[in-house]
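All remarks here apply to the structure that follows.
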Amino acid sequence: PKGVDITLGSIPDFVEDMESPDGKEYRLTTSGRYHAMLALASKDSAAKVKKGPRGLVIFVRSVKESESVVEYLEEHNTEFNSYAFVVGRITGADEDRTKEISLELHEQVRQRTSIGDRVVSSPEDVCFSIPQTGGILESSVEVMEILHNLRMGDRGTEWSLETSGILGLLRPALYQYSHLSGMPRLFITRETKGPGVHENIMEGPMHWLGTPDKTQIEGIKKILKDSGASKFVATAFLLNDSDPNLTMMISKSKDEDRNPFYDFNIERFGTGHPLRFSDLPKLNSQYKSLKDKLIKAESHKAVGLKRTVEGSRFEDSFVLTPSGIIAGALLVNMGK
């Protein structure tokens, strides 16, 4: 149809056409396939599951890593209902070794761990190789397709992505895919082995570090866009960095007729700086302005309020949340 020809012909970076006996055919380019996978991640509601059985996708890229994964799964009876492994690396002289690693990993997990019957990935279908000559875009598409097929093959499972074994070259694509699809990301930490005997009381979930999810990222964006909250958070970030043991509060000093938090901002940010507080000579005005900014920062979950009692007085003190720390670091380093 003419309308299809016009539409597809207007995006040559994503679609290529060729003549055939049946007329003109269209095919997605590698870049088109990349964006198609991101669109599926964002729009395919059939693959999005909330509060269902939980699954974990673990990336493995070498024999040594596969052994480490098996050891971890032997030690910890984790709380996931399903497991899937994706095996890939940059190819060397032994190009066929990737499939061997995948077969061996799946077999070892089934034989040596208690979660063997929960592995749903097929060793032959989860392998990929990145050529030494490049091909990062093609490999990114291939791995996103593997991940998407795993999710579609087990639609009733809420999948999470374990990120420690992902090749650095593929992280941008997989982080984009997981972000758009709403897949939680976590990082399994492991203790460094060394001489001696030491007790480890950490259970499986204690080894998991979560990375920011979509809601947290959107929350950080709101902090950055809010003028009052951003000034407050940037000041708190620098103040905490200068003295991590300091209790941060917006009240005036007990010994002097001044407001240390306000003064710290004025000292650090010169006239005209976008993070500088308004010039307010009166302490009451300074406190009111800081209180308004503190309320805004708390509404964006950038700070956590603490109440301390000293005699009959209440004083507001606060700490930066993880989102506040990230936002503060971004704010004070912008333009550097």
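The values are calculated or read from the model by the stated rules, or taken from the named source; none is laboratory data. Keep in mind it's a predicted model, so treat the numbers as computed, not measured. Neighbour counts run over all protein chains shown; Cβ positions are idealised from the backbone, glycine included.
Candidates in region 33-70 are the residues that are over 22 Å from Arg155 (Cα atoms) and loosely packed, with under 15 Cβ neighbours inside 10 Å; of these, the one that is modelled with the highest pLDDT is Glu67. Applying the criterion of being outside any loop (DSSP other than H, G, I, E, B) and either exposed (fewer than 13 other Cβ atoms within 10 Å of the Cβ) or out of contact with any helix residue (DSSP H, G or I) (no Cβ under 8 Å at 6 or more places or on another chain) (or both) to the residues of region 179-203, the residue that is modelled with the lowest pLDDT is Phe187. A Cβ distance below 6 Å, combined with a sequence gap of six or more or placement on separate chains, defines the contacts here; from region 174-188, residues that are closer than 8 Å to Leu161 by Cα reach residues that are among the β-branched types (Val, Ile, Thr) and crowded, with 17+ Cβ neighbours inside 10 Å in the pairs Arg185/Thr163. For region 253-269, residues that are polar (S, T, N, Q) and under 33 Å from the mean Cα position of the chain (by Cα) total 1. When region 97-115 is examined, which residues are found to be in contact with a Phe, Trp or Tyr (Cβ under 9 Å, 6 or more places away or on another chain) and not β-branched (Val, Ile, Thr)? Result: Ser102, Leu105, His106. The residue list Phe264, Phe232 contains one member that is closer than 21 Å to Val319 by Cβ and surrounded by 18 or more Cβ atoms within 10 Å (Cβ to Cβ), which is Phe232. Note on region 101-120: residues that are more than 19 Å from Arg89 (Cα to Cα) and either surrounded by fewer than 16 Cβ atoms within 10 Å (Cβ to Cβ) or in contact (Cβ under 8 Å) with a residue 60 or more places away in the chain (or both) total 8.
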